[in-house]
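Student: Following this message is one structure expressed as structure tokens.
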Amino acid sequence: MTAPLSAVAKRAGVGQGSLYRHFPDRLSLALAVFEENMEAIDALAAQPGSTLRDVCELVTHQTEGTAAFLALVGAEQADDRLAVFESRLREVLLSKWDARGDLVGPDATLDDLMLAIGMVAGIVRQSPRAARHEVAEAAWALVQRGLRA
């Protein structure tokens with residue numbers, strides 16, 4: 001995300017001062033978006049009958065919409081606040097591991113799935129907005145073959 005926060009405030013229809021009071025920097029804004037996304041993931045996982053595939057599809061959909069924030073966070077990997085999201089996502093995926101269906105094979109691990117999610121997110125964040133969904137679908141089709149082996 002290279003847009004100045006003033007441009008973000010204008011696009012959001014709020015004053016620049018309001019934006020800075022809530023989000024002192026770009027990373028804080030990205031973390032707020034990730035928290036909202038994580039709450040949606042938690043809610044889906046809590047639904048009876050939801051599967052590992054359902055959770056991965058939501059994560060992919062969120063990745064498509066937050067590509068700019070993912071690019072920003074890529075430069076901030078050392079920030080401890082980011083590790084919380086990875087840990088929470090691992091917990092959710094593990095809670096759905098028994099409901100994995102054909103998403104992953106019997107020899108795949110949680111680490112394998114986390115790597116696959118990171119790989120898909122990486123290619124999606126580099127794709128033009130109009131192509132993100134198509135790229136995400138193609139990337140998942142490719143990595144799933146490896147996860148099922």
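The values are calculated or read from the model by the stated rules, or taken from the named source; none is laboratory data. Computed from a predicted model, the values in this text were never measured in an experiment. Positions of Cβ are generated from backbone atoms using ideal geometry, with glycine treated the same way; all protein chains shown enter the neighbour counts.
Student: Taking only pairs six or more apart or across chains, which ones have beta-carbon atoms under 7 Å, a first residue in the range 31-50 that is without any contact (Cβ under 8 Å) to a residue 60 or more places away in the chain, and a second residue that is of a type in the set (Gly, Ala, Ser)?
Tutor: As it stands, the answer is Leu44/Ser50; Ala45/Ser95, since those pairs meet every condition given.
Student: Still on this structure, please answer the following. Among the residues of the range 30-51, is there at least one that is in a helix (DSSP H, G or I) and modelled with pLDDT under 70?
Tutor: No: zero hits.
Student: Same structure again: In the range 87-139, what residues are part of a loop (DSSP other than H, G, I, E, B), of a type in the set (A, V, I, L, M) and farther than 20 Å from Gly49 by Cβ?
Tutor: Ala108
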